Every structure is written in structure tokens, then in C-alpha cells.
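For reference, the structure is listed below as C-alpha cells.
The values are calculated or read from the model by the stated rules, or taken from the named source; none is laboratory data. Everything quoted here is computed from the prediction, not taken from an experiment. Cβ placement follows ideal geometry from the backbone for every residue including glycine, while neighbour counts extend to all protein chains displayed.
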There are 2 protein chains.
Amino acid sequence: MEMHAFGRLTPVDVARRRLLAATCPIDRVESVRVEAGFQRVLAADVRAPVAVPGFPRTTWDGYAFRSRDTDGATRGRPAELRVVGEVFAEQSYPRALRHGETVAIATGGAIPRGADAVVIFEEVERADELVRVFRPIAKGDRISRPGHDFPRGTMLARKGEELSAPALGAIASCGIPEVPVYALPRVAVIPNGNELLSPGDPPEVGRIYESNNATIASVILAAGGIPEVHPPVRDRAAVIERAIRSALASADLVLATGGSSVGERDHLPRILPKLGPLLFHGIAVRAGKPTLAARAGRKLVVGMPGHPTSCLANMYWLVLPVLRKLARRPGPGWTDGFAVLGSDAVAPTPGLATIVPLRFEKGRAYTTYRGSSVITSMAGATAFALLPPGRRLVRRGEKVRVHYLIPPLGSVRTGE
Amino acid sequence: MEMHAFGRLTPVDVARRRLLAATCPIDRVESVRVEAGFQRVLAADVRAPVAVPGFPRTTWDGYAFRSRDTDGATRGRPAELRVVGEVFAEQSYPRALRHGETVAIATGGAIPRGADAVVIFEEVERADELVRVFRPIAKGDRISRPGHDFPRGTMLARKGEELSAPALGAIASCGIPEVPVYALPRVAVIPNGNELLSPGDPPEVGRIYESNNATIASVILAAGGIPEVHPPVRDRAAVIERAIRSALASADLVLATGGSSVGERDHLPRILPKLGPLLFHGIAVRAGKPTLAARAGRKLVVGMPGHPTSCLANMYWLVLPVLRKLARRPGPGWTDGFAVLGSDAVAPTPGLATIVPLRFEKGRAYTTYRGSSVITSMAGATAFALLPPGRRLVRRGEKVRVHYLIPPLGSVRTGE
């Protein structure tokens, strides 16, 4: 069994910066229906091709007429208008209204030519074909003029924007059925290791169940990507290399797990440099040190440690920002803040930065960390802190900078 | 054109309470792979069927041996152990280790019988088949004992919980391939109105494009539901009733838009009581007054106003909590807080509560409201305030209670 030492470890922030610098945002564009566009990233500006509304319409049920016909009207001396027809929403009155005429008009109805005001039913008296109006009605009353919602040419949503409900409503109201959006990133996940069984396989002595696929897929989903998880491949260099090259053909990012350290069966450090320039191997952080990455053309291949917590911690602080840049989403996938520790946090290894996963109880933050090999190290964690390399101990009661994960626990992602 | 008056208007909070009381959370359960389980709502407790790890293993690359063999070892007088084999992760050494023997062991490897400690490569010297250890190694060093991550029977995730990445990792590491989750709610959306065109239809004078489907679908997606949007149906009572009854056969909730007021062509107030008890018709709120709802067996049918902003406002403050209860998600879909107004907010109608959509700029909240008929009334809004019926004016600089929508602008939902 041969072992090599890590070379110079790369500081956390340098590793992340190199990864981000090598990340090419998705260029593929697809069309989605406006009903399916929510929070997709728009791939082109959308300007209003028409004014909305496109014609003068009323937003109330009432009577339309020429406003001058109500000049001087009072309760004692009402204006009297003759009802000559009615206009439902989809209709338009066939001729111009004349002096003294009115039409009943339903919400959304087109204002007849000649008319320039509407009074609501509740404000008038109707007797057979006569309507009495008891005060002067101003020109334009209860009328939504063309372009009142927005004129033609209005910028409804900008390229790069995450589409909101109101933006999609405005786009639909111009008659636009589909919008161009950037494709969601496809992320291949390839575990390797002879010891790995897939969940559902019969148990075997000495072998363990692959579980990083489930946690990695979760973070990919949280970041708006499409996980393409593979069953474990055997730790033979040729097999792993073939799996990675094949995934690179279709995926936008490849995450290989296991075999990322410096042992005899750690094949990734020998495979990745064949694919393209190595960005780093070995990060000055715990958990997550045996991590490496290479640029393969315009894509990235990241080799992640097999230990469940090392792997998941890296997904949060290293890969999540990459996923978001790939997907053209703003920000790293967390929001920064401060929290008071409810218990001491200890940095186990001098010279390495420390990832501290945190859960919250009564407003205080508690570390959930129990070692890099146990997934329960992250149970209930909704934020993390990153202690710098010099820091050995942060005491209970101290205020630390924390990164709250997005989406937080309790928020919702949608269908499959 | 006939008009009726609204009866007694129902206060906002009463309307929401009645809807929530009549909402039956989803009972349908489906199985999803652990890799697809993120943030789905678990339909049964999951306890660990096995301990993890299931056997003693090392979490480092090193040598395994009997700890007593290193008793009294010093730099000057190292313990010398004879290397009799090596164990890779998936293997188990075929016999018990004897006094003075050691095996090289890779991370994850099963500790051979007889051995009870591991020392890492970096701490020893190796010469051919001899390994020198320079200090006593304690029993259990570098060994992860069975159940160290979690013992058999541990509660890994509870019924009703939204599955997190670490929970799914723990479940996978027990070998469980799928989890039972509640189905995502299917929500039918049925617009009616002769004036409505579908986006993509050629324009026609007097007709407008249906746009509520896009905004309603967005809120359904944000709440983790599956929107089933229908093209507009004509406003004939029999046609609308047939469409609603047909949707009720498969959808968990039906939202009908348009025709919810008191005019001649407002058919919903006559249709809904045929489906089941009416919960209310007319809410003391602006925008959103012409809204009604009925209970149809264990399902709800909500009649929403056609005005884009009335409809979207109702989706947020009235339907979103219903969607979340249906989906068995905690909370109403917003978080409460306070904000300082950057401009005056005016309540237009005495006696009605007022929904004030808010956007934020430099830490202050500004109303985006421009009338119920224009979708731009909600442009950029990420929160809303609800002014009580008595309140006519809230002045700039005043602090108001606001509801921040989840997900906030900038967070992400996942694939189709």
C-alpha cells in the first residue's frame, strides 16, 4: 500500500476563487411556457411588443358616456342619459356614442368611440331606458387608457433576471406564450470505491452503502441544478476515467467522489491532470482537505472526498457557489450574518481552516460536528462558520460570522 | 346587464381561517429515491434498520494491530511490528491478528479480528516488512466502532419532516434506497371569460390576454405544488361547471379565475354552491374583494377575481397558506417582520382592509400598488403589508408589520 504526501495545501478562499474563475455560466437556452417560467433565469431582455391594455377599457361595471353630458348635474337636476346598448367584456360597441347616449358596460369592456367616462352602477338610478347621473363625471373616470398598465416598449424583464410572478404576468398579458431561459445545469455525480454498495443492494461484510449521491443531489437540487447520479464504479483508474469522460460529454459539471486523497487507490489525482489543468489538490481545511479540481475545456471536474461530512461540507462552501454561477444565479447560495455560539467550537488541526456546521436553538448556534466520517456531523445544520487557520478555539458566548444556507430548512423546492 | 350587490363581506382573517379549516392535507404517498428526496415531506418515520458503521473500521490510512503491542514504546525503544498483509476498503483480513503482527489498512477498511488500534502512516517508520511505532497507541485509536455514526434503531427522520441533505445521507448510508413521501399537491387553474385570449393567440379588438395562469402557476410552484393550467373557458355556466367538476376528479385544489363578482356573467357564485357549502363570497379587502370559496367533499374550489393584481394578491395572502397546509409544509409561506415605509401608503376604500405590496430600496419599503387591474402593481414586490379596515393612511417613516414572501426574490426552485 503506497502513500504519498499532499503537496502545498491551497487555502480555502484561493481554492474557491480558482474554481469560480474557471466556471463558465450556462450558454444553452431553452424556451419555457410563461406558466413554467417562475425563477428561471431569463436569457434575453423582454420588452412589451404592445401597450397593455391595448384599447381604452373600463375596470368597473357601469355606464359609459360622453363626460360633457354630465356637466352641471346635481342631485336635484340629474343628467339623464338614454341606454342604447350594452357591452360585455369581449365586445366592442359597433358605432360612436352620441350626445345623451350611454351603454351599460361590464368590467374589462372596451369603451365605445365617443365615450370618455364611466360611472359605476351603484352611483346612478336607472328607470327603464333612462339612467340618471347626479354629479358631473370627469373625463377619463373609471377608464383604463391604452398603455395604462405599461406602454409598448416597456422593459418587462431583463436578461439574467430570475423571473418573478408579476414579471411573468406582465409578459403573458402582452400575449407572449414562451420565454427564452438558460438551461438548468446538469451535474454528473460519480462515486468510486470497491467498498461501495448502492442503497438497496444486499449488505456485505466490509462494504458500506454509498450515501454521498443523496447529499450531493440535494445540494444540486437546492441550487436549481439537475443531478445525474451514477451508481458506484470500481476503483480502477481506467474505469473511473472512462466514466468521467463519458459524463463530460453531456454534463455541465462532473463531481467524482472518493479516491481523491494520496493513497494507492486514490486514482483521481492521476486522472484529473489528463483531462486539463489541475486547479488544486489538497485544501487547507478540515473537513474536506482531500479535494482536487481540474478544468476540462469549458467544464470543471471536481474530485470530492468520500467521507460523508467532508463531501457535504465541500458541497456547501465550495461547490454551491460554482453551481450558482453555472446557473447564472446571483450570490454564493448563502447569506452572511452573525451568531452567538451556545457551546465551544474546537478546531482540531493546527494550520487548517475549520468548517463548523451549526444548528440553532433558542437563538444560539451549536456545532453539530462529530468527525468527518459520520453524516450525523451535519444533522440539523442550517448554517456554517469557517474558522481561519490560526483559530484553535472559539468560546461559548462569542459572536462569530456565519453563513446561512439558502434555501433554509423549511423552504420548499418544487416537483421532480 | 344585471348586477347584484355583495352580501355581508367576510373579514380577511376569517376568510383565511375558514379556508384553512376546510383544507385536508395530502394523504397520497409515493416512493422517491433518496437522491430525489430533498425537501419532500416524509410520510413515515425512518429509523435505522442497522448500525452505521456496521463493523469496526478505520477512518485513516495506516496500520492496524493489538494496542498492547505498543505498551512502553518510545522514540529510543520503538515497538516493532511485522507486516503480514494489507486491507483495502472493501476487504476483510481473513484471520485474527496475533501478537506482534500488523496489517496496512486503507481508509474505510474493516479492522481485522484481534486488532484494536490504528496508527497513521505519517507516525511510523517502515523498513521492509517491519513497522516501528514510537509511542504507546491507545486501544480504539483511529477506529470507528460499530454504531459510531448512529446505532440501530436511531430515528433518522420523522414523519412530516422536510427531508434535509444530511437526513437523506443518513438514510442512504443504512442501505435504504427509497423513502415514502407525501405527493406534491396538484392544483388546477381554470380561467373563464369570453374576452380572454391565450398568450400566443392572434390579438383581437376588445379581447385581452389571460395572464393569471402565469402568476398563479408561479405561486403554486413556489409552494411546492404542481400547477395544471387550463386555457380560458367561455363564460357559460354549464361549460365552467363542467370544467371545474372534471378538474376536481384529479386535482387536489381547484382555482377558478374570473366571473367571481356579482355581475350577470359572474357564474362562479351560482356554480360553487352546487359543489358544496360556500365558505364566503366577498372579502373585506382591497384588492381581492370578489373572491369566493366552496368545500367540495374533501377538496376546495376557490373563485378568484380576474383582475391581475387582485388575483395575485389573493394567491399570496389567502391561497399560499392553503397550498402549504395541503402539502403538509409548516407556516403560511411568509415570514413576519417590520419595515419602515419610504412613502405614504393610502387605503383607497373605507371599511376594507388593504393589501399593500412592497418593494425594498435602501432598507425602506415602498408600495408598488397602482390599482387592481394592472399587473405592474406587484412589480418587484417581495413582501406585503395588510392594513386593517380602519386605517386610511400610513405615513412615510412609520414602522409597519410586513410579511416577507418565501421563497424571497433571488432564491431558487429546481427543474421541471
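Take A:I240 and tell me if it is touching a residue at least 40 places away in the same chain (Cβ under 8 Å), within 13 Å of another protein chain (Cβ to nearest Cβ) and not basic (K, R). Can you show your working first?
On the way: touching a residue at least 40 places away in the same chain (Cβ under 8 Å): yes; within 13 Å of another protein chain (Cβ to nearest Cβ): no; not basic (K, R): yes.
Judged against the criteria, A:I240 is not a match.
All told, B:E90 meets the bar of being of a type in the set (D, E), surrounded by 16 or more Cβ atoms within 10 Å (Cβ to Cβ), out of contact with any strand residue (DSSP E or B) (no Cβ under 7 Å at 6 or more places or on another chain) and within 9 Å of chain A (Cβ to nearest Cβ).
Does at least one position in the range B:181-195 carry a residue that is surrounded by fewer than 24 Cβ atoms within 10 Å (Cβ to Cβ), at the interface with another protein chain (Cβ under 7 Å from one of its Cβ atoms) and among the polar types (S, T, N, Q)? Yes.
Checked against the criterion of being touching a residue at least 12 places away in the same chain (Cβ under 8 Å) and either farther than 22 Å from A:A36 by Cβ or surrounded by fewer than 18 Cβ atoms within 10 Å (Cβ to Cβ) (or both), the candidates B:V322, B:V400 yield just one match: B:V400. Taking B:G282 as meeting all but one of (1) touching a helix residue (DSSP H, G or I) at 6+ places or on another chain (Cβ under 8 Å); (2) in contact (Cβ under 8 Å) with a residue 60 or more places away in the chain; (3) buried (at least 20 other Cβ atoms within 10 Å of the Cβ), write down the number of the exception. Checking B:G282 against (1) touching a helix residue (DSSP H, G or I) at 6+ places or on another chain (Cβ under 8 Å); (2) in contact (Cβ under 8 Å) with a residue 60 or more places away in the chain; (3) buried (at least 20 other Cβ atoms within 10 Å of the Cβ), the one that fails is (1).
Quick grid of which residues meet (1) among the aromatic types (F, W, Y); (2) within 38 Å of the chain's Cα centre (by Cα):
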site: A:V12; (1), (2): no, yes
site: A:R17; (1), (2): no, yes
site: A:E30; (1), (2): no, yes
site: A:G37; (1), (2): no, yes
site: A:A44; (1), (2): no, yes
site: A:F55; (1), (2): yes, yes
site: A:T59; (1), (2): no, yes
site: A:T74; (1), (2): no, no
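Of the strands (runs of 3 or more DSSP E) lying entirely inside the range A:51-106, those containing at least 3 residues that are among the hydrophobic types (A, V, I, L, M, F, W, C) span A:79-87, A:101-105. Of all residues in the range A:352-378, those being assigned to a loop (DSSP other than H, G, I, E, B), within 14 Å of another protein chain (Cβ to nearest Cβ) and of a type outside the set (K, R) number 6. Just one residue in the set B:A104, B:A43 is hydrophobic (A, V, I, L, M, F, W, C) and farther than 30 Å from B:G297 by Cα; that residue is B:A104.
B:A138 satisfies every condition listed in (1) within 14 Å of chain A (Cβ to nearest Cβ); (2) in a loop (DSSP other than H, G, I, E, B); (3) touching a helix residue (DSSP H, G or I) at 6+ places or on another chain (Cβ under 9 Å) except (1). Here the condition is being within 24 Å of A:V52 (Cβ to Cβ), surrounded by fewer than 19 Cβ atoms within 10 Å (Cβ to Cβ) and not assigned by TED's automatic domain parsing to the domain that holds B:P191; of B:R395, B:R391, B:R370, it holds for B:R370 alone. Residue pairs, Cβ under 8 Å, 6 or more apart or interchain, first in the range B:115-134 and closer than 18 Å to B:T74 by Cβ and assigned to a helix (DSSP H, G or I), second of a type in the set (F, W, Y) and modelled with pLDDT of 95 or more. List them. Filtered contacts from the range B:115-134: B:E123/B:F134. Filtered by the rule that a residue be buried (at least 17 other Cβ atoms within 10 Å of the Cβ), within 14 Å of chain A (Cβ to nearest Cβ) and of a type outside the set (S, T, N, Q), the range B:379-388 gives B:A379, B:A381, B:A383, B:F384.
When B:V12 is tested against (1) more than 14 Å from chain A (Cβ to nearest Cβ); (2) at pLDDT 95 or above, just one condition goes unmet, and that condition is (2).
Listed here are the residues, each with its yes/no results for (1) under 30 Å from B:P305 (Cα atoms); (2) surrounded by fewer than 19 Cβ atoms within 10 Å (Cβ to Cβ); (3) without any contact (Cβ under 8 Å) to a residue 12 or more places away in the chain; (4) away from chain B (no Cβ under 14 Å).
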{"residue": "A:V34", "(1), (2), (3), (4)": "yes, no, no, no"}
{"residue": "A:G37", "(1), (2), (3), (4)": "yes, no, no, no"}
{"residue": "A:R40", "(1), (2), (3), (4)": "yes, no, no, no"}
{"residue": "A:P49", "(1), (2), (3), (4)": "yes, yes, no, no"}
{"residue": "A:G54", "(1), (2), (3), (4)": "yes, no, no, no"}
{"residue": "A:W60", "(1), (2), (3), (4)": "yes, no, no, no"}
{"residue": "A:G72", "(1), (2), (3), (4)": "no, yes, no, yes"}
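Among the residues of the range A:20-56, the one identified as farther than 27 Å from A:P151 by Cβ and of a type in the set (K, R) is A:R28. Confirm whether B:S173 is at the interface with chain A (Cβ under 7 Å from one of its Cβ atoms) and either more than 30 Å from B:M155 (Cβ to Cβ) or without any contact (Cβ under 8 Å) to a residue 60 or more places away in the chain (or both). No.
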